[in-house]
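Note sheet for the following structure.
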Amino acid sequence: MNELTRSAFLRRVAAGGGAVAAGAAVGWMAGPAAGAASEQDLAWLRFAITAEFVSVAYYRQTRAAGHFAGHELRALERATAAQVAHKTAFRTALTDLGEPAIDDADLELTFPDGAFETRPGTLRLGRRIEGLLLHAYLGAVTTIADQAIRRLFAQVSASEADQLSFLTGLAGPPIGDPFPSVHGLETAAEALAVYLP
């Protein structure tokens with residue numbers, strides 16, 4: 001498959017949201033087969049696979065950065081495993097609908113320079129990524145038509161909230177918003193695109 005760049009990702013997400021003419025979305029953002037899930041649902045699945053790819057890479061680099069040990073490192077290992085499980089579940093949901101798989105080899109990412117040099121910087125990045133995933137998945141739950149896909153996003157949202165709470169706890173006392181914002185697909189895609197080359 002073609003390598004995914006930031007601009008291609010944003011164009012393809014826009015196509016999933018109806019902002020680009022039919023036929024413009026190709027490759028991993030190709031439209032659904034007749035009778036398949038809605039293009040909106042498929043676009044959310046494609047977004048989630050990409051987002052989980054970014055999150056898995058974050059947790060792997062965080063574990064390698066050397067700022068954490070003992071129970072913190074073990075918790076980060078569990079977080080990595082959870083993100084891999086999320087990515088696998090979203091990928092399976094997509095391919096079960098007859099859509100092409102999005103493999104890790106199809107994706108590239110880039111983190112800000114120096115993001116993993118300090119413990120506080122590493123945690124700030126993690127909170128930003130986990131916050132993005134949580135807010136995006138809440139947005140997905142409000143717009144996805146297919147009940148099984150909506151349920152998957154709801155389950156993963158709960159897991160992302162746990163992980164965000166863990167990272168926030170490592171950074172200091174958690175102060176949460178009682179009503180977090182809900183991102184639409186376009187807003188979430190723009191925020192995720194900063195991690196794509």
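Below, the figures for the structure above:
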| item | result |
| --- | --- |
| For GLY121: the one exception among (1) open to solvent by less than 20 Å² (accessible area, probe 1.4 Å); (2) touching a helix residue (DSSP H, G or I) at 6+ places or on another chain (Cβ under 9 Å) | (2) |
| Every residue from the stretch 40-66 that is farther than 16 Å from LEU10 by Cα and open to solvent by 50 Å² or more (accessible area, probe 1.4 Å) | ARG60, GLN61, ARG63, ALA64, GLY66 |
| Residue ID - surrounded by the fewest Cβ atoms within 10 Å (Cβ to Cβ), chosen from residues in the stretch 105-118 that are under 18 Å from the mean Cα position of the chain (by Cα) and not hydroxyl-bearing (Ser, Thr, Tyr) | ALA105 |
| Of residues in the stretch 78-104 being among the acidic types (Asp, Glu) and surrounded by fewer than 14 Cβ atoms within 10 Å (Cβ to Cβ), the one farthest from THR50 (Cα to Cα) | ASP96 |
| Residue within the stretch 115-135 that is among the polar types (S, T, N, Q) and touching a residue at least 12 places away in the same chain (Cβ under 8 Å) present | yes |
| Test: residue in the stretch 158-180 that is touching a residue at least 12 places away in the same chain (Cβ under 8 Å), under 24 Å from SER38 (Cα atoms), surrounded by 15 or more Cβ atoms within 10 Å (Cβ to Cβ) and out of contact with any Cys (no Cβ under 6 Å at 6 or more places or on another chain) | no |
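Matching residues to (1) of a type in the set (D, E, K, R); (2) touching a Gly at 6+ places or on another chain (Cβ under 7 Å); (3) not in a helix (DSSP H, G or I):
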{"site": "THR62", "(1), (2), (3)": "no, yes, no"}
{"site": "HIS67", "(1), (2), (3)": "no, no, yes"}
{"site": "ARG74", "(1), (2), (3)": "yes, no, no"}
{"site": "ARG78", "(1), (2), (3)": "yes, no, no"}
{"site": "THR88", "(1), (2), (3)": "no, no, no"}
{"site": "ARG91", "(1), (2), (3)": "yes, no, no"}
{"site": "THR95", "(1), (2), (3)": "no, no, no"}
{"site": "PRO100", "(1), (2), (3)": "no, no, yes"}
{"site": "ALA105", "(1), (2), (3)": "no, no, no"}
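The values are calculated or read from the model by the stated rules, or taken from the named source; none is laboratory data. What you see is a predicted model; the values in this text were computed from it and never measured. Every residue, glycine among them, receives a Cβ derived from its backbone with ideal geometry; neighbour counts consider all protein chains shown. What goes into the accessible areas is simple: the full protein's heavy atoms, side chains included, and nothing from ligands, DNA or RNA. Shrake-Rupley method; radii C 1.70, N 1.55, O 1.52, S 1.80 Å.
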